[in-house]
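All of the numbers you see were taken from the coordinates with simple rules; none came from a lab. Quick caveat, the model's predicted, so the values are computed rather than measured. Don't worry about glycine lacking a Cβ; one is built from the backbone with ideal geometry, like all the others, and counts go over all protein chains shown.
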Amino acid sequence: MGIFKGVEHVAIFAADTKKLADWYVQYLDMVIIQDNGQGILFLLMSDGSIVELIPSPDGQAARERLQEKESGIHHIAFSVEADHFGAAIQRITAEGGAETVGETPRQFPENLATFHFRDPEGNILHLISRAHRLSLAAPQILKSAPKNALLKGIEHIGIVARDPDALRQWYVSTLGFNLIVSDDGHGTAFVLTSDGRSVLEFTQCKRDRGLLPYNAPGLRHIAIAVAPEDADRAARLLKADRVEVLEDYQKLPNGQHLFYFRDPEGNVLHLIARTQPLAH
Ligand SMILES: [Fe+2]
Ligand SMILES: [Fe+2]
């Protein structure tokens, strides 16, 4: 496996993290596994996927900020089995009151079904049911994971790019991830992380939002897992690649290693190495 292993979590800056977390628990089958008491919450899904909610500094939600196909880290897609697809939509919209996005749900050939919606703060989320998984690894069995979940975990993270071909190539050449689909017939490419567990989706933007602050409301960063013994070297490799550094490499007293940077289109990534895994 490469030095950059995979996605440890994706982060959303939210106006009210506790309220949003409660909605994610109730309707998206997540459990809260860590609460720092200052509004930062980590949520776990049944396959081991993790979402981080962070208070947005201006107390604003993402709602007015992001339209379909605008550039940036755009959406999180959750995997649902075909048999449970209708029930999941019903629960999210009827009970959860989520608004839909565009023409949805949609059924594609080869048993691919999608459903696009917004969480209560306006972040764009998808449900996806696919006959064949894109990721390779078997789901993790974690004691703290929710049981009997309709939504299994993060199927992919959608990145909308000015130049999707060039951007995905950076994830392949610099982070060592693997291109698994260069065009799915709709102009979309998929890249698999080195650990085989996570998939990044690259599509062409219709509108360039420019460079967003690292703490702007909405879906804002992807944390890349590295081993503690590799963290320093990983940060040096990225600096040699001339990434824009947002917070330089540091080792915290709790043993975590962190390094915040941007990919070539300005999307915020950070390296994370933990001595203790976040979820067990
Ligand atoms: Fe997607
Ligand atoms: Fe994070």
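Using a/c under 1.5 as the rounded threshold, could you call segment 61-204 rounded, prolate or oblate? The axes a ≥ b ≥ c are square roots of the C-alpha gyration tensor eigenvalues, and prolate needs a/b larger than b/c, oblate otherwise. Show your work: numbers first, answer last.
On the way: a/c = 1.62, a/b = 1.22, b/c = 1.33.
Because a/c hits 1.5 or more and a/b fails to exceed b/c, segment 61-204 counts as oblate.
At 0.36 nm per residue, and after removing the present C-alpha to C-alpha distance, how many nm does the segment from residue 132 to residue 174 gain when stretched out fully?
Between residue 132 and residue 174, full extension yields an extra 12.4 nm.
Hey, which lysines would be in cross-link range of residue 147, C-alpha to C-alpha under 30 Å, not counting anything within fewer than 8 residues on its own chain?
5, 18, 19
What is the antiparallel percent of DSSP beta bridges lying wholly in the chain, to the nearest 5? Mind showing how you got there, number by number?
On the way: 51 of 72 bridges.
If we restrict to bridges inside the chain, about 70 percent are antiparallel.
Roughly what would the spin-label model give for residue 1 and residue 163, points 7 Å off Cα along C-beta, in nm?
So the label points at residue 1 and residue 163 sit 3.2 nm apart.
Mind checking the full-extension length gain between residue 242 and residue 68? Use 0.36 nm per residue of separation minus the Cα-Cα distance, one decimal, nm.
59.6 nm
Rounded to a whole number, what is D in µm²/s for the chain from Stokes-Einstein with the Kirkwood radius over alpha-carbon pairs (10 °C, 1.306 mPa s)?
84 µm²/s
What is the set of long-range amide H partners of residue 74 at a cut-off below 5 Å, with H atoms built 1.01 Å from backbone N?
Sorted by chain and number, the residues that satisfy this are 158, 159, 160.
Loop only by DSSP, 13 or fewer other Cβ within 10 Å of the Cβ. Give me the chymotrypsin sites (Phe, Trp or Tyr not before Pro) in segment 5-57 that pass, ordered by residue number.
Qualifying residues, ordered by number: none.
Just how large is the dipole of the chain about the Cα centre, in debye to the nearest 20, putting +1 at every Lys and Arg Cβ and -1 at every Asp and Glu Cβ?
280 debye
Once label points are set 7 Å from the Cα along Cα→Cβ at both residue 19 and residue 83, what is their separation, rounded to one decimal in nm?
Calculated label separation equals 3.7 nm.
What spacing in nm lies between the two simple spin-label points modelled at residue 280 and residue 208, each 7 Å away from Cα in the Cβ direction?
4.9 nm
Can you give the extra length, in nm with one decimal, that the chain gains between residue 26 and residue 107 once fully stretched, where that is 0.36 nm per residue apart less the Cα-Cα distance?
On the way: separation 81, 0.36 × 81 = 29.16 nm, distance 2.60 nm.
In short, 26.6 nm is gained.
Tell me which residues come under 5 Å, amide H to amide H, from residue 273 once H is placed; ignore anything under 5 positions away on its chain.
Amide H neighbours of residue 273: 226, 257.
Just going by the charge dipole of segment 123-280, with Lys and Arg at +1 and Asp and Glu at -1 on Cβ, which of 181, 277, 227 is farthest out on the positive end?
It is 277.
With +1 on the Cβ of every Lys and Arg and -1 on the Cβ of every Asp and Glu, and nothing else charged, how large is the dipole of segment 61-204 about its Cα centre, in debye rounded to the nearest 20?
The calculation lands at about 420 debye.
Which listed residue (267, 243, 257) has the Cα farthest towards the positive end of the charge dipole for segment 233-280, taking +1 on Lys and Arg C-beta and -1 on Asp and Glu C-beta about the Cα centre?
Projecting each Cα onto the dipole axis, the largest value belongs to 257.
Using +1 at the C-beta of Lys and Arg and -1 at the C-beta of Asp and Glu, which of 51, 134, 36 has the Cα lying farthest in the positive direction of the dipole of segment 34-168?
134
In deg cm²/dmol, rounded to 500, what helix-only [θ] at 222 nm does the chain give when every DSSP H run of at least 4 residues adds -39500 (n - 2.57) and the total is split over its residues? It would help to have the intermediate numbers written out before the result.
On the way: 4 runs with 38 residues, N = 280.
Calculated at 222 nm, the ellipticity per residue is -4000 deg cm²/dmol.
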